[in-house]
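Asks: Handing you a structure now.
The values are calculated or read from the model by the stated rules, or taken from the named source; none is laboratory data. Since the structure is predicted, the reported quantities are computational estimates derived from the model, not experimental observations. Using ideal geometry, Cβ is built from the backbone for each residue, glycine included, and neighbour counts are taken over all protein chains shown. In case anyone asks, the SASA skips ligands and DNA or RNA and just uses the protein heavy atoms, side chains included. Shrake-Rupley method; radii C 1.70, N 1.55, O 1.52, S 1.80 Å.
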Amino acid sequence: MEATQERAPAAGESLVSVDKMPRGLPKLASETWTLYVRQLKRLSRTPTIVVFSLIQPLIWLVLFGQMFSRIAHLPNAAQQFGGVSYLQFFVPTVMLQSVLFGAGQSGVGFIADIDSGFLDKLLTTPVNRLAILLGRVLGDLTRMALQILLVVLIGLAIGRFQTPTVSFYYGVAGIAAAMGIALLFALIMTGFNVFLALTTRNTEATFLIGNFLVLPLLFTSSAQLPIALLPVWMQNVARANPVTYAIDAMRSLLNGPAATPHHNTAVALLQALVILLALSAVTLTFATRKFRNTVA
Amino acid sequence: MPPVIDVVDLEKTYPDGSQAVRGISFSVEEGEFFGFLGPNGAGKSTTIKILITLLAPTAGQARVFGRDVRADATQTRTLIGYAAQEVGVDDDLTGRENLMLQGALYHIEPRTLRRRVNELLELVDLAPDADRQAGSYSGGMRKRLDLATGLIHRPQLLFLDEPTTGLDPQNRAGIWSYLEDLNRREGLTIFLTTHYLEEADRLCGRLAIIDHGRIIASGSPASLKAELGGDLVRLSFRGSDEETHAQRSRAAELLEGRAFAAAVRDDGSELVVTAREGGRALPQILRVLDEAQIYVDDLTLTSPTLDDVFLKYTGERIREDAPVQNWRNQRMAGFLRAGAGGRARRRP
Ligand SMILES: Nc1ncnc2c1ncn2[C@@H]1O[C@H](COP(=O)(O)OP(=O)(O)O)[C@@H](O)[C@H]1O
Ligand SMILES: [Mg+2]
C-alpha cells in the first residue's frame, strides 16, 4: 500500500486503484455480469448456433414424432405413454437431448479461450477467477434455455397439424418447471464438460468423449420409450440412469401425472431434484477445482 | 526506491520435469526499456508468466514495485499490463468492445473508460475500424488491439512477450515506434522478450541474453557488442579449394601479429580478421596482401551483432527462423513467420 503512495507514477496516473474497486460479492457480481454479456454477444453473432439449434430439434421431432406416431396408440401401450401422442411424449426427450449435446460447447469454448490467449488476458486483470467460470456457465445456460424453449415452441407448432394436438397439462408453469429440470441437467453436463476440457485441453478429445457418453446415456433411459416398455435388463439400467429421472419429471410436468410410472408429479419432481442437485454439486465441484488449479 | 522489477534466483520446473528457468537474477529500474533476448525455449515466456502472477515459481523471489508478486497478486495486477505472444483478443467482439471488456474488469469508471478507449484507438490507429469485429482485422491490426488492451488501465509497467513475432516487417516497424513512444514520451517502464536480434538492438536500453533458463550475459546492446573486441573483416579468395586454402593460410601468416589486427581466424571458407577499428584496418590489410600478390575476391566489414554476442557465450547462433514453440496452441507454430534480422554488411 505505502509503496504505491510514495511512488509518483511515471506513465500517467493509473486508472485503477485497489482501494476504489468494489470488493467481495459486488465485485464478483459485476465481473460475472461483464463476462456474461460477452457470452451473449458472441452467441448473437454466431448465426450457425442459432440455425443449428432450430434445425436439430425440428428434425428430431418431425422424424421421430412421425416414425413412432402409431406406437403410442397401440392397445397395451397407450396407458404407458400417458394417453398423449408420441410427438408430445417425445418433446421432453428432445429438450434434454439439446442440453446434453449443447453442454459440450462450454468445454470447447473454454479451450478456445485458452488457446487464443484470451484467458491469460483476463487473468492478468484483477478479475475474480470464479467470475470467469460463472460468466461462461451462465452464458451457456442462457443459450441452452433458448434452445429448449425453441423445442417446446416447435413441438407446439408441429402439434397443431395432428390430432390430438400437443397441449401441456400444467400450461406455462409446467413448461417453465420442465425447462428448469432440463437446465439443472445442463448444469451437470456443463460442469462435466468444463472438467473434461480443462483436463484434456484438446477440443477434439472433449467433443469425442463428451458425445461418446451422451448417446448411451440417452438410449439406456426412458427417453425414447416409457420404462415399462423396455426389456427388463434395460429397465434396471434405466433406473440407475439420472436421465430417466429427469425425463420422467419433465414428462409429468408437461404431460400430466399419467405420464410417469408413479402417476404423481410431485414425487417425480422431488426425485429428480434430489438426484440432479446432488450430481450437479459433484460435477461443479470437480469443474471448479480443476479451474482453480488451471488459473492458479 | 525499490527497483520496478527485482528477481532473485528465480527457478521454474514444470510438473513434467522440464526446467524452464534455472536460477536467474536481474532487476529493472523505473523508466527502463529492458529486454530478454533468447532463442525459442530459453525460458522467456515462463519468466514473464511468473512476473505477471499467472505462474508460481518453483524457487526464488520475484518482486514488482517492491512487492512479492504472489503475495499481493491483486495489487500487482492493477499496476502491470501484458501483451502475450498469442494475440489475446476475442474475435467475435469489436475492437472497442474488447477494450471496454478489459477495462470493465479493472473497474475503471465508465466515463473515464470510454475516453481512455477512444484515446487508445487513436494511438494504435484503429479508430476507423473500432466497431468492426476483431475477427475481420488483419494480423497487424489484431496485434495493435492486443497491445491497446494491455494499456487500458494505464499500467505503470508493461510486459510484452515477443510482441512482433509473426508480423511482417512493416507491421513490426509500426509496433516498434509505438513502443518507443510509450517508453520515451510517457516514461513507461517496459519489459520485453524477443528472439529477434534487431528488435532487441533497436528497442532495449539494457538487455539480458537468456539461454536454457539462464542469463548468460547482460548489459546495453552497445556494451555487449563492445565486449567482442571490435569489427570483423571477412576476406575470401578466388580459385579452387586448394588454392583458396593456400591463399588463406598465407594471408593469415602475413596478418597475424600486426597492430591493426586483434585476431585472425580461418573459418574454412573465409578469413576473419577482428579489428578494433575496422575502417582503419581495411586499407592496411589490403596493402599487406597486395604487396604479397594475394588478391582478395570479396571482402565484407561487419560490426558485431548481438548474434555474435550470443555465439560467443553459447557457441551457437540464435535461430530466428525456428518455429515458435507454443504450449497452448501448437497450430500457431506453422504459420508464424520469422522476419529478417540483418547483419550489418558494408562493402568498401
Ligand atoms: N506448460 C509447460 N509444460 C512443460 N514444459 C513447458 C511448458 N511451457 C514451457 N515449457 C518448456 O520450458 C522451456 C521454456 O519455455 P518458454 O518459457 O516458453 O520459452 P520461450 O518463451 O523462451 O520460448 C521450454 O523448454 C519448454 O519446452
Ligand atoms: Mg515464449
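Asks: Taking H as built 1.01 Å from N, whose amide H comes closer than 5 Å to the amide H of B:Asp266, not counting residues under 5 places away?
Replies: Distant-sequence amide H within range of B:Asp266: B:Val272.
Asks: Given a 1.4 Å probe and no ligands, DNA or RNA in the count, how much accessible surface is buried by B and A, both sides, to the nearest 100 Å²?
Replies: 4200
Asks: If the cut-off is 14 Å between C-alpha atoms, which aspartates and glutamates fall inside it for A:Lys27, apart from same-chain ones fewer than 8 positions away?
Replies: A:Lys27 reaches A:Asp19, B:Glu109.
Asks: If you plug each phi of segment A:223-238 into the Karplus form 6.51 cos²θ - 1.76 cosθ + 1.60 with θ = phi - 60°, what whole-Hz ³J(HN,Hα) values come out, in order, with x for Gly and Pro?
Replies: Listing the rounded values in order: 5, 8, 9, x, 4, 5, 8, 7, x, 4, 4, 6, 4, 5, 4, 4 Hz.
Asks: Return one whole number: the accessible area per residue of segment B:5-225 in Å², for a 1.4 Å probe.
Replies: Heavy-atom accessible area per residue stands at 33 Å².
Asks: Over segment B:97-216, what is the relative contact order in percent, taking alpha-carbon pairs closer than 8 angstrom and at least six residues apart?
Replies: Contact order relative to length: 21 percent.
Asks: Can you give me the long-range amide H partners of B:Leu192? Hydrogens built in the peptide plane at 1.01 Å from N, cutoff under 5 Å, separation of 5 or more residues or another chain.
Replies: B:Phe34, B:Gly35, B:Phe36, B:Leu160
Asks: What is the helix-to-structure angle for A:203-219, meaning the angle in degrees between its Cα long axis and the longest Cα principal axis of chain A, kept from 0 to 90 and rounded to the nearest 10?
Replies: So the helix axis and the longest Cα principal axis differ by about 30 degrees.
Asks: Let me ask you something else. How far is helix B:241-255 tilted, in degrees, relative to the longest principal axis of the Cα atoms in chain B, given as a value from 0 to 90 rounded to the nearest 10?
Replies: Roughly 90 degrees, rounded to the nearest 10.
Asks: Determine the percent antiparallel among the DSSP beta bridges restricted to the protein assembly as shown, to the nearest 5.
Replies: In the protein assembly as shown, DSSP labels about 65 percent of beta bridges as antiparallel.
Asks: May I ask for the distance between the Cα centers of segment A:15-81 and segment B:71-146, given as a whole number of Å?
Replies: What the calculation gives is 29 Å, centre to centre.
Asks: Separate question: Pop out the ³J(HN,Hα) list for segment A:21-31 in order, Karplus 6.51 cos²θ - 1.76 cosθ + 1.60 with θ = phi - 60°, rounded to Hz; leave Gly and Pro as x.
Replies: 6, x, 10, x, 4, x, 5, 4, 5, 5, 6
Asks: Which aspartates and glutamates have a Cα lying under 13 Å from the Cα of A:Lys41, excluding residues fewer than 8 positions away in the same chain?
Replies: The reachable aspartates and glutamates, counting only those whose Cα sits under 13 Å from A:Lys41, are A:Asp140, B:Asp90, B:Asp91, B:Asp92, B:Glu97.
Asks: Continuing with the same structure: Once amide H atoms are built 1.01 Å from N in the peptide plane, which residues 5 or more positions from B:Arg132, or in another chain, come under 5 Å H to H?
Replies: Answer set, sorted by chain and number: B:Gly95, B:Arg96.
Asks: I would also like to ask the following. What average number of partner chain Cβ atoms lie no more than 10 Å from the Cβ of the residues making up B:76-82?
Replies: Other-chain Cβ atoms within 10 Å of each residue's Cβ, averaged: 5.
Asks: Please determine, in degrees from 0 to 90 and to the nearest 10, the orientation of helix A:171-200 with respect to the longest principal axis defined by the Cα atoms of chain A, where the helix direction is its Cα long axis.
Replies: Relative to chain A, helix A:171-200 is tipped by roughly 50 degrees.
Asks: Now, a different point. Can you compute 3J(HN,Hα) from phi for each residue in segment B:107-116, using the Karplus curve 6.51 cos²θ - 1.76 cosθ + 1.60 with θ = phi - 60°, rounded to whole Hz and x for Gly and Pro?
Replies: 6, 6, 4, x, 5, 4, 4, 4, 5, 4
Asks: I've got another one for you. What FRET efficiency do you get for B:Asp290 and B:Arg317 if R0 is 22 Å and r is their Cβ-Cβ distance, rounded to the nearest 0.05?
Replies: Efficiency, from the Cβ-Cβ distance: 0.10.
Asks: Could you work out the relative contact order of chain A? I mean the mean sequence separation of Cα pairs under 8 Å and 6+ apart, divided by the number of residues, in percent.
Replies: RCO, chain A: 24 percent.
Asks: Just to confirm a number: summing +1 for Lys and Arg and -1 for Asp and Glu over residues other than B:Leu113 whose beta-carbon lies under 13 angstrom from that of B:Leu113, what do you get?
Replies: Local charge sum for B:Leu113: +3.
Asks: Report the relative contact order of chain B, percent, no decimals, based on alpha-carbon pairs under 8 angstrom and at least 6 residues apart.
Replies: Taking the mean separation of contacting Cα pairs over the length of chain B, I get 19 percent.
Asks: Below 18 Å, Cα to Cα, which aspartates and glutamates can B:Lys225 reach? Residues fewer than 8 away in the same chain don't count.
Replies: The reachable aspartates and glutamates, counting only those whose Cα sits under 18 Å from B:Lys225, are B:Glu198, B:Glu199, B:Asp201, B:Asp211, B:Glu277, B:Asp307, B:Asp308, B:Glu316.
Asks: Which whole-angstrom value gives the distance between the alpha carbon centres of segment B:211-280 and segment B:34-56?
Replies: 34
Asks: Considering only DSSP states other than H, G, I, E and B, which trypsin sites (Lys or Arg not before Pro) in segment B:148-191 qualify as loop sites with at most 14 other Cβ atoms within 10 Å?
Replies: Loop-located and lightly packed - B:Arg185.
Asks: Identify the residues of segment A:138-181 with backbone N under 12 Å of a label point that sits 7 angstrom from the Cα of A:Ala78 along the Cα-to-Cβ direction, or state none.
Replies: A:164
Asks: Could you check the spin-label model distance between B:Ser138 and A:Leu25? Points 7 Å from the Cα along Cα→Cβ, value in nm.
Replies: Distance between the two pseudo-spin positions: 5.1 nm.
Asks: OK, next. Counting only protein heavy atoms and a 1.4 Å probe, tell me what percentage of the protein assembly as shown's accessible area is made up of carbon and sulfur.
Replies: Answer for the protein assembly as shown: carbon and sulfur cover 58 percent of the accessible area.
Asks: Hey, got the average number of other protein chain Cβ atoms within 10 angstrom for residues in B:147-156?
Replies: Counting other chains' Cβ atoms within 10 Å and averaging over B:147-156 gives 4.
Asks: Further, regarding this structure: So which of B:Lys12/B:Lys143; B:Lys12/B:Lys49; A:Lys121/B:Lys49; A:Lys121/B:Lys143; A:Lys290/B:Lys44 end up more than 18 Å apart, counting from Cα to Cα?
Replies: Beyond 18 Å: B:Lys12/B:Lys143; A:Lys290/B:Lys44.
Asks: A further question follows. What does the highest-first list of B:304-312, B:242-250 look like by mean Cβ count within 10 Å?
Replies: Descending mean neighbour count gives B:304-312, B:242-250.
Asks: Take peptides B:270-278, A:14-22, B:188-196 and line them up by average Cβ neighbours within 10 Å, highest first, as a rough protection proxy.
Replies: Answer by packing, highest mean first, reads B:188-196, B:270-278, A:14-22.
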